[in-house]
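The values are calculated or read from the model by the stated rules, or taken from the named source; none is laboratory data. Because the structure is a prediction, the values reported are computed rather than measured. Don't worry about glycine lacking a Cβ; one is built from the backbone with ideal geometry, like all the others, and counts go over all protein chains shown. Quick note on the areas: whole protein, heavy atoms, side chains included, nothing else; ligands and nucleic acids left out. Shrake-Rupley method; radii C 1.70, N 1.55, O 1.52, S 1.80 Å.
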Amino acid sequence: MRILFTGGSSFTGMWFIRELAAAGHEVTAVFRRPAAEYADAVRRRRVALAVEVSRPAFGPSFGDERFLALVGEGGWDLLCHHAADVTDYKSPAFDAVAAVANNTRNPAAVLAALKSAGGRRVLLTGSVFEGGEGAGSQGLPHFSPYGLSKALTAEVFSFECGRAGVGLGKFVIPNPFGPYEEPRFTAYLMKSWLAGGTPNCSSPAYVRDNIHVSLLARAYARFAGRVPAEGFARTNPSGYAESQGAFTLRLAQEMRPRLGLPCPVELRKQVDFPEPRVRINTDPAEADAPGWDESAAWDEMARYYREQHAAPAGG
(Lines give C-alpha, C1' and ligand atoms only; values in the text may rest on other atoms or scores of the structure.)
Protein backbone atom coordinates (compact mmCIF):
# COMPACT_ATOMS: atom_id res chain seq x y z
CA MET A 1 0.00 0.00 0.00
CA ARG A 2 0.93 3.66 -0.37
CA ILE A 3 0.50 5.18 3.07
CA LEU A 4 0.46 8.79 4.24
CA PHE A 5 1.46 8.87 7.91
CA THR A 6 1.24 11.77 10.39
CA GLY A 7 3.04 11.94 13.74
CA GLY A 8 6.26 10.32 12.58
CA SER A 9 8.55 11.96 15.15
CA SER A 10 6.77 10.40 18.14
CA PHE A 11 8.01 7.33 19.98
CA THR A 12 5.34 5.01 18.62
CA GLY A 13 5.18 6.84 15.29
CA MET A 14 8.77 6.01 14.42
CA TRP A 15 8.26 2.35 15.29
CA PHE A 16 5.01 2.19 13.30
CA ILE A 17 6.64 3.72 10.20
CA ARG A 18 9.53 1.28 10.31
CA GLU A 19 7.24 -1.72 10.77
CA LEU A 20 4.95 -0.60 7.94
CA ALA A 21 7.99 -0.25 5.69
CA ALA A 22 9.30 -3.67 6.77
CA ALA A 23 5.92 -5.13 5.78
CA GLY A 24 6.47 -3.83 2.25
CA HIS A 25 4.37 -0.67 2.31
CA GLU A 26 5.50 2.62 0.73
CA VAL A 27 5.27 5.23 3.49
CA THR A 28 5.29 9.02 3.19
CA ALA A 29 5.85 10.38 6.69
CA VAL A 30 4.82 13.88 7.73
CA PHE A 31 7.12 15.79 10.11
CA ARG A 32 6.78 19.35 11.32
CA ARG A 33 10.52 19.93 10.85
CA PRO A 34 13.73 18.14 9.80
CA ALA A 35 15.57 16.06 12.38
CA ALA A 36 18.26 18.66 13.11
CA GLU A 37 15.64 21.23 14.15
CA TYR A 38 14.19 19.18 17.01
CA ALA A 39 15.48 20.17 20.44
CA ASP A 40 16.03 16.79 22.06
CA ALA A 41 18.46 14.12 20.91
CA VAL A 42 16.03 11.21 21.18
CA ARG A 43 13.47 12.85 18.88
CA ARG A 44 16.19 13.78 16.40
CA ARG A 45 17.25 10.15 16.31
CA ARG A 46 13.66 8.95 15.87
CA VAL A 47 13.14 11.24 12.89
CA ALA A 48 16.41 10.08 11.34
CA LEU A 49 15.42 6.43 11.76
CA ALA A 50 11.96 7.03 10.28
CA VAL A 51 13.40 8.91 7.30
CA GLU A 52 15.66 5.96 6.51
CA VAL A 53 12.64 3.90 5.46
CA SER A 54 10.12 6.51 4.30
CA ARG A 55 9.67 9.49 2.03
CA PRO A 56 9.68 12.51 4.37
CA ALA A 57 7.37 15.50 4.02
CA PHE A 58 8.66 18.30 6.26
CA GLY A 59 6.44 21.19 7.31
CA PRO A 60 2.76 20.24 6.88
CA SER A 61 0.39 19.90 9.82
CA PHE A 62 -2.83 17.93 9.62
CA GLY A 63 -5.50 19.94 7.79
CA ASP A 64 -3.40 22.92 6.71
CA GLU A 65 -2.93 23.97 3.08
CA ARG A 66 0.33 22.07 2.64
CA PHE A 67 -1.23 18.94 4.06
CA LEU A 68 -4.26 19.22 1.79
CA ALA A 69 -1.93 19.57 -1.19
CA LEU A 70 -0.05 16.45 -0.07
CA VAL A 71 -3.29 14.48 0.25
CA GLY A 72 -4.31 15.75 -3.16
CA GLU A 73 -1.25 14.19 -4.78
CA GLY A 74 -3.36 11.05 -4.83
CA GLY A 75 -2.57 7.39 -4.87
CA TRP A 76 -2.92 6.93 -1.10
CA ASP A 77 -4.34 3.60 -0.11
CA LEU A 78 -4.40 4.56 3.57
CA LEU A 79 -4.17 7.75 5.63
CA CYS A 80 -2.68 6.95 9.06
CA HIS A 81 -3.47 9.84 11.40
CA HIS A 82 -1.18 9.21 14.34
CA ALA A 83 -0.32 12.82 15.18
CA ALA A 84 -2.03 14.36 18.22
CA ASP A 85 -1.60 17.35 20.48
CA VAL A 86 0.23 15.98 23.54
CA THR A 87 1.74 19.15 25.00
CA ASP A 88 1.73 18.72 28.81
CA TYR A 89 -0.65 15.80 28.33
CA LYS A 90 -0.29 14.68 31.95
CA SER A 91 -1.35 18.05 33.32
CA PRO A 92 -4.88 18.45 34.72
CA ALA A 93 -4.84 21.83 32.94
CA PHE A 94 -4.39 20.17 29.51
CA ASP A 95 -6.67 22.01 27.06
CA ALA A 96 -8.76 19.20 25.58
CA VAL A 97 -10.80 21.48 23.33
CA ALA A 98 -7.72 23.11 21.79
CA ALA A 99 -6.16 19.67 21.33
CA VAL A 100 -9.22 18.41 19.46
CA ALA A 101 -9.11 21.46 17.21
CA ASN A 102 -5.47 20.72 16.35
CA ASN A 103 -6.10 17.00 15.87
CA THR A 104 -9.08 17.50 13.57
CA ARG A 105 -8.35 20.63 11.53
CA ASN A 106 -10.45 20.71 8.34
CA PRO A 107 -11.46 17.04 8.49
CA ALA A 108 -14.13 17.30 5.79
CA ALA A 109 -11.66 18.92 3.39
CA VAL A 110 -8.98 16.32 4.14
CA LEU A 111 -11.37 13.42 3.56
CA ALA A 112 -12.80 15.01 0.40
CA ALA A 113 -9.27 15.41 -0.99
CA LEU A 114 -8.41 11.84 -0.01
CA LYS A 115 -11.54 10.38 -1.60
CA SER A 116 -11.37 12.46 -4.79
CA ALA A 117 -7.84 11.17 -5.33
CA GLY A 118 -8.91 7.54 -4.87
CA GLY A 119 -8.31 7.01 -1.14
CA ARG A 120 -10.96 5.23 0.90
CA ARG A 121 -9.37 4.32 4.26
CA VAL A 122 -8.27 6.15 7.43
CA LEU A 123 -6.45 4.62 10.39
CA LEU A 124 -6.75 6.70 13.57
CA THR A 125 -4.70 6.10 16.70
CA GLY A 126 -6.69 6.02 19.93
CA SER A 127 -5.73 5.65 23.59
CA VAL A 128 -6.78 3.23 26.30
CA PHE A 129 -7.17 6.32 28.48
CA GLU A 130 -10.23 7.43 26.51
CA GLY A 131 -13.51 7.01 28.30
CA GLY A 132 -15.15 3.72 27.39
CA GLU A 133 -12.06 2.12 25.85
CA GLY A 134 -10.60 -1.20 26.96
CA ALA A 135 -11.56 -2.70 30.30
CA GLY A 136 -11.14 -1.52 33.86
CA SER A 137 -12.68 0.00 36.93
CA GLN A 138 -14.92 2.87 37.99
CA GLY A 139 -17.05 2.69 34.85
CA LEU A 140 -14.24 3.44 32.38
CA PRO A 141 -14.25 7.24 32.75
CA HIS A 142 -12.05 9.56 30.72
CA PHE A 143 -8.68 9.07 32.37
CA SER A 144 -7.67 12.72 32.01
CA PRO A 145 -8.29 15.79 29.84
CA TYR A 146 -5.89 14.21 27.36
CA GLY A 147 -8.02 11.06 27.29
CA LEU A 148 -11.06 13.24 26.69
CA SER A 149 -9.31 14.93 23.75
CA LYS A 150 -8.55 11.58 22.15
CA ALA A 151 -12.14 10.40 22.59
CA LEU A 152 -13.54 13.58 21.05
CA THR A 153 -11.04 13.31 18.20
CA ALA A 154 -12.31 9.80 17.51
CA GLU A 155 -15.91 11.01 17.56
CA VAL A 156 -15.11 13.69 14.97
CA PHE A 157 -13.44 11.17 12.69
CA SER A 158 -16.25 8.66 13.11
CA PHE A 159 -18.78 11.28 12.07
CA GLU A 160 -16.77 12.75 9.19
CA CYS A 161 -15.67 9.40 7.77
CA GLY A 162 -19.25 8.17 7.86
CA ARG A 163 -20.45 11.29 6.10
CA ALA A 164 -17.69 11.06 3.48
CA GLY A 165 -18.14 7.34 2.87
CA VAL A 166 -14.58 6.58 3.96
CA GLY A 167 -13.70 3.49 6.02
CA LEU A 168 -12.25 4.08 9.50
CA GLY A 169 -10.01 1.90 11.61
CA LYS A 170 -9.10 2.71 15.21
CA PHE A 171 -5.94 1.35 16.82
CA VAL A 172 -6.09 1.83 20.59
CA ILE A 173 -2.71 2.14 22.30
CA PRO A 174 -2.09 1.08 25.93
CA ASN A 175 1.31 1.86 27.62
CA PRO A 176 4.15 1.20 25.16
CA PHE A 177 7.74 0.97 26.32
CA GLY A 178 11.10 0.31 24.72
CA PRO A 179 13.98 1.93 22.85
CA TYR A 180 13.67 5.62 21.90
CA GLU A 181 10.87 6.40 24.36
CA GLU A 182 10.57 9.61 26.31
CA PRO A 183 11.95 9.53 29.90
CA ARG A 184 8.95 7.75 31.39
CA PHE A 185 8.76 4.96 33.96
CA THR A 186 10.69 2.17 32.24
CA ALA A 187 13.39 4.61 31.13
CA TYR A 188 13.69 5.76 34.75
CA LEU A 189 14.11 2.16 35.93
CA MET A 190 16.73 1.32 33.31
CA LYS A 191 18.78 4.45 33.84
CA SER A 192 18.67 4.02 37.62
CA TRP A 193 19.95 0.45 37.42
CA LEU A 194 22.74 1.34 35.01
CA ALA A 195 23.80 4.15 37.36
CA GLY A 196 23.93 1.72 40.29
CA GLY A 197 20.78 3.01 41.98
CA THR A 198 17.65 1.50 43.49
CA PRO A 199 14.60 2.96 41.76
CA ASN A 200 11.14 2.81 43.26
CA CYS A 201 7.63 2.11 42.04
CA SER A 202 5.31 4.52 43.84
CA SER A 203 2.06 3.14 42.39
CA PRO A 204 2.44 -0.66 42.45
CA ALA A 205 -1.28 -1.32 42.95
CA TYR A 206 -2.45 0.27 39.70
CA VAL A 207 -3.24 -2.32 37.02
CA ARG A 208 -2.01 -1.12 33.64
CA ASP A 209 -1.25 -2.57 30.22
CA ASN A 210 2.44 -2.22 29.35
CA ILE A 211 3.48 -3.46 25.92
CA HIS A 212 6.76 -3.78 24.03
CA VAL A 213 6.73 -1.08 21.36
CA SER A 214 8.05 -3.58 18.80
CA LEU A 215 5.06 -5.85 19.46
CA LEU A 216 2.69 -2.91 19.26
CA ALA A 217 4.21 -1.84 15.94
CA ARG A 218 3.89 -5.34 14.51
CA ALA A 219 0.21 -5.41 15.48
CA TYR A 220 -0.27 -1.92 13.97
CA ALA A 221 1.17 -2.95 10.61
CA ARG A 222 -1.07 -6.03 10.52
CA PHE A 223 -4.17 -4.01 11.40
CA ALA A 224 -3.33 -1.42 8.73
CA GLY A 225 -3.99 -4.08 6.13
CA ARG A 226 -7.45 -4.75 7.55
CA VAL A 227 -8.87 -1.23 7.68
CA PRO A 228 -12.15 -1.44 5.75
CA ALA A 229 -13.06 0.69 2.75
CA GLU A 230 -16.51 1.07 4.33
CA GLY A 231 -17.63 1.07 7.95
CA PHE A 232 -15.54 0.80 11.09
CA ALA A 233 -13.02 -1.58 12.67
CA ARG A 234 -11.19 -1.38 15.99
CA THR A 235 -8.43 -3.27 17.79
CA ASN A 236 -7.25 -2.89 21.40
CA PRO A 237 -3.85 -4.66 21.53
CA SER A 238 -2.78 -5.82 24.98
CA GLY A 239 0.66 -6.71 26.35
CA TYR A 240 1.41 -7.27 30.04
CA ALA A 241 -1.92 -6.52 31.71
CA GLU A 242 -0.90 -6.61 35.36
CA SER A 243 -0.18 -4.43 38.37
CA GLN A 244 2.58 -1.87 38.04
CA GLY A 245 4.35 -3.66 40.87
CA ALA A 246 4.28 -6.96 38.96
CA PHE A 247 5.47 -5.27 35.80
CA THR A 248 8.34 -3.60 37.65
CA LEU A 249 9.45 -6.96 39.02
CA ARG A 250 9.08 -8.51 35.55
CA LEU A 251 11.32 -5.85 34.05
CA ALA A 252 13.93 -6.31 36.79
CA GLN A 253 13.93 -10.08 36.28
CA GLU A 254 14.42 -9.72 32.52
CA MET A 255 17.19 -7.16 32.87
CA ARG A 256 19.35 -8.85 35.54
CA PRO A 257 20.97 -11.39 33.20
CA ARG A 258 21.01 -8.96 30.27
CA LEU A 259 22.67 -6.10 32.14
CA GLY A 260 24.69 -8.22 34.55
CA LEU A 261 23.37 -6.08 37.40
CA PRO A 262 21.27 -6.83 40.51
CA CYS A 263 18.49 -4.45 39.35
CA PRO A 264 17.02 -3.84 42.82
CA VAL A 265 13.70 -2.07 43.15
CA GLU A 266 11.57 -0.69 45.97
CA LEU A 267 7.83 -1.22 45.75
CA ARG A 268 6.31 1.47 47.92
CA LYS A 269 2.97 1.12 49.66
CA GLN A 270 0.34 2.89 47.60
CA VAL A 271 -2.26 4.79 49.59
CA ASP A 272 -3.51 7.37 47.07
CA PHE A 273 -5.52 6.47 43.97
CA PRO A 274 -6.25 9.66 42.00
CA GLU A 275 -6.45 7.64 38.76
CA PRO A 276 -8.67 4.66 37.92
CA ARG A 277 -7.22 1.56 39.58
CA VAL A 278 -7.52 -0.62 36.47
CA ARG A 279 -7.27 0.28 32.77
CA ILE A 280 -6.16 -2.28 30.22
CA ASN A 281 -6.70 -3.31 26.62
CA THR A 282 -8.48 -6.51 25.68
CA ASP A 283 -6.99 -8.05 22.48
CA PRO A 284 -3.79 -10.10 23.04
CA ALA A 285 -1.29 -8.46 20.69
CA GLU A 286 0.86 -11.54 20.14
CA ALA A 287 -2.03 -13.22 18.35
CA ASP A 288 -1.75 -10.49 15.70
CA ALA A 289 2.04 -10.36 15.48
CA PRO A 290 3.41 -13.56 13.89
CA GLY A 291 7.15 -13.90 14.17
CA TRP A 292 7.55 -11.40 16.98
CA ASP A 293 10.25 -12.51 19.44
CA GLU A 294 9.73 -11.49 23.07
CA SER A 295 13.26 -12.42 24.15
CA ALA A 296 14.75 -10.41 21.30
CA ALA A 297 12.66 -7.40 22.35
CA TRP A 298 14.12 -7.56 25.88
CA ASP A 299 17.61 -7.95 24.37
CA GLU A 300 17.09 -4.88 22.19
CA MET A 301 15.92 -2.83 25.14
CA ALA A 302 18.93 -3.79 27.25
CA ARG A 303 21.30 -3.02 24.39
CA TYR A 304 19.71 0.37 23.73
CA TYR A 305 19.98 1.56 27.34
CA ARG A 306 23.51 0.23 27.68
CA GLU A 307 24.47 2.30 24.65
CA GLN A 308 22.65 5.34 26.03
CA HIS A 309 24.43 4.97 29.36
CA ALA A 310 27.81 4.75 27.63
CA ALA A 311 27.16 7.68 25.29
CA PRO A 312 28.54 11.18 26.10
CA ALA A 313 26.04 13.55 27.73
CA GLY A 314 23.93 15.32 25.13
CA GLY A 315 24.59 12.63 22.50
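State whether one or more residues within the stretch 56-68 are aromatic (F, W, Y) and under 26 Å from P145 (Cβ atoms). Let's see the steps before the verdict.
Of the stretch 56-68, the ones aromatic (F, W, Y) are 58, 62, 67.
When the remaining residues are screened for being under 26 Å from P145 (Cβ atoms), the result is 62, 67.
Checked against the condition, which is being aromatic (F, W, Y) and under 26 Å from P145 (Cβ atoms), the stretch 56-68 yields at least one hit.
What pairs can you find where one residue is in the stretch 294-311 and part of a helix (DSSP H, G or I), the other is open to solvent by 40 Å² or more (accessible area, probe 1.4 Å), and their Cβ atoms are less than 6 Å apart, with a gap of 6+ or different chains?
As it stands, the answer is W298/E254; A302/R258, since those pairs meet every condition given.
With modelled with pLDDT under 95 and open to solvent by less than 30 Å² (accessible area, probe 1.4 Å) as the only criterion, which of F94, F16 stands out?
Working: F16 fails: modelled with pLDDT under 95.
Every option except F94 fails the conditions.
If L249 satisfies every condition in (1) among the aliphatic types (A, V, I, L, M); (2) more than 22 Å from A22 (Cβ to Cβ); (3) buried (at least 20 other Cβ atoms within 10 Å of the Cβ) but one, which is the exception?
Unmet for L249, out of (1) among the aliphatic types (A, V, I, L, M); (2) more than 22 Å from A22 (Cβ to Cβ); (3) buried (at least 20 other Cβ atoms within 10 Å of the Cβ): (3).
Return the total of residues in the stretch 285-299 being crowded, with 17+ Cβ neighbours inside 10 Å, within 28 Å of W193 (Cα to Cα) and not hydrophobic (A, V, I, L, M, F, W, C).
Matching residues across the stretch 285-299 total 0.
Residues of the stretch 83-103 being of a type outside the set (A, V, I, L, M, F, W, C), within 18 Å of the chain's Cα centre (by Cα) and either outside any helix (DSSP H, G or I) or under 18 Å from G169 (Cα atoms) (or both), which ones?
Of everything in the stretch 83-103, those that are of a type outside the set (A, V, I, L, M, F, W, C), within 18 Å of the chain's Cα centre (by Cα) and either outside any helix (DSSP H, G or I) or under 18 Å from G169 (Cα atoms) (or both) turn out to be D85, T87, D88, Y89, K90, N103.
Looking at V86, is it open to solvent by 50 Å² or more (accessible area, probe 1.4 Å) and among the β-branched types (V, I, T)?
Yes, satisfied.
What do you reckon, is R105 open to solvent by 20 Å² or more (accessible area, probe 1.4 Å) and touching a strand residue (DSSP E or B) at 6+ places or on another chain (Cβ under 6 Å)?
no
For the stretch 21-82, give me every one of the strands (runs of 3 or more DSSP E) that falls completely inside it and has 2 or more residues that are surrounded by 14 or more Cβ atoms within 10 Å (Cβ to Cβ) and under 19 Å from the mean Cα position of the chain (by Cα). First the steps, then the outcome.
Numbers: elements: 26-31, 55-58, 78-81.
It comes to 26-31, 78-81.
Please determine whether any residue of the stretch 120-135 is open to solvent by 10 Å² or more (accessible area, probe 1.4 Å), farther than 17 Å from L152 by Cα, touching a residue at least 40 places away in the same chain (Cβ under 8 Å) and not in a loop (DSSP other than H, G, I, E, B).
Checked the stretch 120-135: at least one residue is open to solvent by 10 Å² or more (accessible area, probe 1.4 Å), farther than 17 Å from L152 by Cα, touching a residue at least 40 places away in the same chain (Cβ under 8 Å) and not in a loop (DSSP other than H, G, I, E, B).
For the stretch 83-94, check the following and say yes or no: at least one residue is under 23 Å from R226 (Cα atoms) and touching a helix residue (DSSP H, G or I) at 6+ places or on another chain (Cβ under 7 Å).
Of the residues in the stretch 83-94, the ones under 23 Å from R226 (Cα atoms) are 83-84.
Narrowing further to those that are touching a helix residue (DSSP H, G or I) at 6+ places or on another chain (Cβ under 7 Å): 84.
Within the stretch 83-94 (the criterion being under 23 Å from R226 (Cα atoms) and touching a helix residue (DSSP H, G or I) at 6+ places or on another chain (Cβ under 7 Å)), the answer is yes, since at least one residue qualifies.
For the stretch 146-168, indicate whether the set of residues that are among the hydroxyl-bearing types (S, T, Y) and either under 30 Å from G260 (Cβ atoms) or open to solvent by less than 30 Å² (accessible area, probe 1.4 Å) (or both) is non-empty.
yes
Go through the stretch 263-284 and report how many residues are open to solvent by less than 70 Å² (accessible area, probe 1.4 Å), within 15 Å of F247 (Cβ to Cβ) and outside any loop (DSSP other than H, G, I, E, B).
3
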